[in-house]
Each structure stands twice: as structure tokens, then as C-alpha cells.
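Novice: Sharing a structure with you now.
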Amino acid sequence: MLKDALPKINTPLPGPKASAILERRSEAVPGAIKSVYPCVISRGEGAMLEDVDGNIFLDWVGGVGVLNIGYSHPELIGAVKEQTEKYFHAMMNIVTHEGYIKLAEKMNEIVPVKSAKRKTMFANSGAEAIENAVKVAKSYTGRPNVIVFSGAFHGRTLLASTMTAKKAYASGLGPFPDGIYRAEFPYLYRGPEGYSEEGAIAYYIEKLIKVFEEASPAEHIAAIVVEPVQGEGGFVPAPIEWVKAVRRICDEKGILLVADEVQTGFARSGKMFVSNYWEEAGAAPDIIATAKSIAGGVPLSAITASAEIFDGVKNGIIGGTYGGNALACASALKVIEIIERDNLCARSLEIATKVKGAFHLWHEEFEEIGDVRGIGCMTGIEFVTDKKSKSPNARLVSDIVIYCAEHGLIVESAGTYSNVIRFLCPLVVTDEQLDCGLSILYNAVKACR
Ligand code: PLP
């Protein structure tokens, strides 16, 4: 079975069939939808994929966080097939379908926003979830402005790319929506020199408060939007003491705290959501946006908030044709059932222990590994030219990505400086596959440094 296989490369990459398809790709598809991988999938199972030439790859990217339960889970196939035989779609403004309601009920049970009385609406992508979270926050508070962070990634629609820090994602797209203000994210590895962790957190909180003085008064801020672990920004976790301080500021100033759990959600962190850790620390967010692994590869996203917040939203401003599509809802209900039943949060922690254990040893061995960080299985390695200067080493990361692909391991870079390797492996990976992936990555670091 492919799901139990180990990586095996039989042809030079890309192989002959893949080369032909990639050539057609470059003719038919915009080059700006970039890929560096010599891999064209024919099928996938668990954490493994086979390409059109019969090469087998271990996938540590999982569709960038979409495949926490892996490729082609048989029960997921069954659930979607069963739904296709009833109906594909019912538009919720016209015909109510029960899958939407059941999934909203389930999300209200498991998504830890601050209130116990919750409501959920669905959209199609992560960017849409964020757009809707902001619309809901503005409509409920009656305030115009939003605070986001350095290093943030929230998607590629106009509002989401305005909220996104890296302007390479929005080059030449202005004018951008007004009222988006940016504070510094607590990126402790690159924090202010000579500060303790506590001191650095106080420094970042001061920077946040400065936004009220220099950009927008707090009474005009509808929401502060945080990725609990920055994804594209380089797998940088928000320290819990910082989150608690932000929560206190939000409470004092009547601002809604929005968690963008698009990449962090659905057992990746060792809990269903990183916001579960926040909740335990008394800092649950007001609105949580989710997507990616929610439906195992069928496009779906969700926005969960208290009933009070959603009931304060004006009619007509939220909704959409496909949000909460019937196939996607059937898929998501099954994904959540599998995560809960198979205890994938515990498996996530088990995998994290193994992977982080190896990464920490490498950190001691290699001058070029500056930092290893993350929460649970959302783990990254930051590469530098040397530990003292901390100069980002994007060249090394790019070589590692290519080396790994050529040896049957798909890994992806991240980070403002593209110098982080991120670990987003499906949580159904076997121990043997994990060992094999670790050995390919280790050899890559040795060969490419
Ligand atoms: N928010 C975060 C944290 C993400 O990581 C992403 C995508 O990577 C998005 C939003 C945008 O999601 P989508 O690409 O589905 O629009």
C-alpha cells in the first residue's frame, strides 16, 4: 500500500511523463503561480504520493497544512461519495441543508472562542475567512480600523494581502484598503538585543500600544488579528504571556481579538486549535478563522464567534454562493470525527517530540541552524549563515528544498527571508516514514551547507 511505502525515486527528476506535463503547465498556467518542485502527482495515500512516473515521495508539506489526516482517507472518500449521491450543493440563502447546520453545531462545540454560546458561518478559503472575520468585527463594534502584525500572512484577496506583511505578495496592487495598521510581532529569536524573554514581551506590548498613539486611537480599532503561530512568516509562535497581555488590552479597549487559525488548526499544534492553549491561559479569542485541514482538501473555511457578536452583524454583509457547500461540509464532519476518534492531537505531540528531538540535536551540530521552534507539530528550523550574525540563509534553504525533493522528500520554505524549513507533515505518517524523512533532511543539510 502506498500509505505504508517509503520514498523511492526511480527516474531522474522530473521523469519523462512529469516533464511533458510541466512543459504544458508553463504554456497554459501563469508563471506567477510558482513551483520549484519536479513532481506531478498521480495518486496520494496517507503521507505519501506517487508521481506520474512511479516515483514515490514523502510529503512534509501536506498541501500547506491541508492534509492533516493525509491523502485519500478511505472514510473521507466514503463520506463525500455518499453526499454526491444525494446532492452536491444547496445555497444557504435559498435552501437549507442539514450538513451545514451539523457542521456549525460541531464547530460551535470545539472552536474555543470566548463565549460558550457560539455561532459559525462558512466560506471557501482562508483569505475569505479572514475577510469575513474582519467584516464581522467591524459590523459588530461599529469601528473602522484593524491591527495586524509584522510577518503576518492572511491570504491574497485585496484586504487579506493588505493585512499580509510581505509586500512581495501585493507588489503593484495598490491602492489598498485603508485602516489597516501594523505592530511588531513578538519574533523572540530576532527580538531586541540583551532583553530577557519577559523584557522582550514588554517591549512588543509597548510597540502595540504605540499604534494607538501614532496610527489609530484604540476606540477606532475593531480587531487585533493574530496568527497563533505565524505560518508563511516563518513558524514563529506568539508567546503565551504576550497573548495574555494582548487579551487584556482588547478587554480594556473593547477590541475584538481574532485568531487566524487557518494553518494552525485541526490538531497540528497538539490540540485541536492553538486557541485551546490560549483558552487554558484565560486568553481565548473572540473570533477564530479556520480553513485548510478543516475539510481534508475540499475547499472550505469557517468563522466562529459568540452568538452575541454574530447577532450584532447587519443583514446582507456576510454570505456567498458556495460557502458551506454540501460536499465540503460532509467532508469536514468526517475529518473532525477522524481527528477526534483517532486521537490525532496526541499523535501530533508524539510526532513533534521525535522531530523536535532531532532538530534540536542538529541545532547543536550545525552552525547554520539558528533556531528550532513551534507548537506541537507546527515546527520550523530557521537557517542562518552563522549563529552570531543570525544573517538569514535563504540560499541554503533553497538548496535543501531541491535536494530533499530529488531524494523523495517534499519540504517547503517559509519566513520573511525565506530561510525557514517548515514541518507540516500529515499526522498519519508512520514512524518508519518519519525516520526516513529525518534522514533525508539531515543529509540535505550536510550536503548543502
Ligand atoms: N491565513 C493563514 C495563516 C494562512 O496560512 C493562509 C494560507 O496559507 C491564509 C490565511 C490564506 O488561505 P487561502 O490560501 O486558503 O486563502
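The values are calculated or read from the model by the stated rules, or taken from the named source; none is laboratory data. This structure is a prediction, so every number in the text was calculated from the model and none was measured. Methodologically, a virtual Cβ is constructed for each residue, glycine included, from the backbone with ideal geometry; neighbour enumeration extends over all protein chains shown. Areas reflect the complete protein model, heavy atoms only, side chains present, ligands, DNA and RNA absent. Shrake-Rupley method; radii C 1.70, N 1.55, O 1.52, S 1.80 Å.
Novice: Output the number of the condition that Trp60 fails; it satisfies all remaining conditions of (1) out of contact with any strand residue (DSSP E or B) (no Cβ under 7 Å at 6 or more places or on another chain); (2) within 25 Å of Lys334 (Cβ to Cβ).
Specialist: (1)
Novice: Please work out if Trp242 is more than 16 Å from the ligand (Cβ to nearest atom) and in a helix (DSSP H, G or I).
Specialist: Against the criterion (more than 16 Å from the ligand (Cβ to nearest atom) and in a helix (DSSP H, G or I)), Trp242 qualifies.
Novice: Which condition number in (1) open to solvent by 40 Å² or more (accessible area, probe 1.4 Å); (2) part of a loop (DSSP other than H, G, I, E, B); (3) touching a Ser or Thr at 6+ places or on another chain (Cβ under 8 Å); (4) not aromatic (Phe, Trp, Tyr) is the one that Arg43 fails?
Specialist: (2)
Novice: Among (1) within 21 Å of the chain's Cα centre (by Cα); (2) in contact (Cβ under 8 Å) with a residue 12 or more places away in the chain, where does Glu350 come up short?
Specialist: Unmet condition: (2).
Novice: While we're here: Of the residues Thr379, Thr416, which is in contact (Cβ under 8 Å) with a residue 24 or more places away in the chain, in the same structural domain as Cys39 (by TED's automatic domain parsing), more than 29 Å from His73 (Cα to Cα) and surrounded by 18 or more Cβ atoms within 10 Å (Cβ to Cβ)?
Specialist: Result of the check over Thr379, Thr416: Thr416.
Novice: Please tell me if Ala305 is of a type in the set (A, V, I, L, M), assigned by TED's automatic domain parsing to the domain that holds Gly155 and within 16 Å of the ligand (Cβ to nearest atom).
Specialist: no
Novice: Could you list, in sequence order, all residues of region 199-217 that are closer than 16 Å to Cys250 by Cα, part of a helix (DSSP H, G or I) and touching a Gly at 6+ places or on another chain (Cβ under 8 Å)?
Specialist: Tyr204, the sole residue that qualifies.
Novice: Continuing with the same structure: How many of the residues in region 46-91 are part of a strand (DSSP E or B) and either among the charged types (D, E, K, R) or open to solvent by 20 Å² or more (accessible area, probe 1.4 Å) (or both)?
Specialist: Within region 46-91, residues that are part of a strand (DSSP E or B) and either among the charged types (D, E, K, R) or open to solvent by 20 Å² or more (accessible area, probe 1.4 Å) (or both) number 5.
Novice: Right, here's the next one. Tell me, please, whether a residue that is under 21 Å from Val134 (Cα atoms), part of a loop (DSSP other than H, G, I, E, B) and more than 13 Å from the ligand (Cβ to nearest atom) can be found in region 285-297.
Specialist: Scanning region 285-297, I find at least one residue that is under 21 Å from Val134 (Cα atoms), part of a loop (DSSP other than H, G, I, E, B) and more than 13 Å from the ligand (Cβ to nearest atom), so the answer is yes.
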